[in-house]
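The values are calculated or read from the model by the stated rules, or taken from the named source; none is laboratory data. What you see is a predicted model, and the numbers here were worked out from it, not measured in a lab. Don't worry about glycine lacking a Cβ; one is built from the backbone with ideal geometry, like all the others, and counts go over all protein chains shown.
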Amino acid sequence: MKKLLGIVVLSLLWCNVGFAENYEELMKKANTATGKDAIEVLELAKEALDFERSFLKECLNDLKIYRDKKVESCLKFKDRYDGLVNLTMIFTAHLKSEFYKISNKLDSGEKLEYTNGEHLMKTMNNYDDALKLNIKTLRKINLLMENL
């Protein structure tokens, strides 16, 4: 598991230039990835959501402290907003179809060298949890912005 996490983190760092800011390359990959690559896309998207959440948290904390809509951290977040939107939509119809194919193979008893049922569910749940945390933080930011 540590090895997998290390690979994902290194992949994210290595691909940082390609996926920077708006994650367009990751979106393109989500629309064409199959098998192992489809799982990798969702793992990278989860890591990217965690990274973007750091900007959201900083903005939220600064809003609470400074009570000003124009704090630098929130302006930085606004610049990154398109990327966050892309990450929330990364689970495209194509990617869903690939995960469905993978799960059907696993359900039929086929052994896949790149995943098993537990890993597949964990990958999907991790992405979903990261997405929910970002949405929750965004709601808090919106609430504060509306009331400043």
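For the reader, a short list of remarks on this structure follows.
- Among the candidates Ala45, Ala33, residue that is part of a loop (DSSP other than H, G, I, E, B), modelled with pLDDT of 95 or more and among the small types (Gly, Ala, Ser): Ala33
- The residue that is surrounded by the fewest Cβ atoms within 10 Å (Cβ to Cβ), counting only those in segment 65-75 that are in a helix (DSSP H, G or I) and not acidic (Asp, Glu), is Ile65.
- Scope segment 77-111; condition charged (D, E, K, R) and over 14 Å from Leu138 (Cα atoms); matching residues: Asp79, Lys96, Glu98, Lys101, Lys105, Asp107, Glu110, Lys111
- Extreme residue, surrounded by the most Cβ atoms within 10 Å (Cβ to Cβ), among residues of segment 76-110 that are of a type in the set (A, V, I, L, M, F, W, C) and over 30 Å from Phe55 (Cα atoms): Ile102
- Within segment 1-30, considering residues that are crowded, with 20+ Cβ neighbours inside 10 Å, in a helix (DSSP H, G or I) and of a type outside the set (D, E, K, R), the one modelled with the lowest pLDDT: Phe19
- There is no residue in segment 98-113 that is farther than 20 Å from Leu42 by Cα, in a helix (DSSP H, G or I) and β-branched (Val, Ile, Thr).
- When residues of segment 86-97 are limited to those that are of a type outside the set (S, T, N, Q) and not in a helix (DSSP H, G or I), the one farthest from Leu42 (Cα to Cα): Met89
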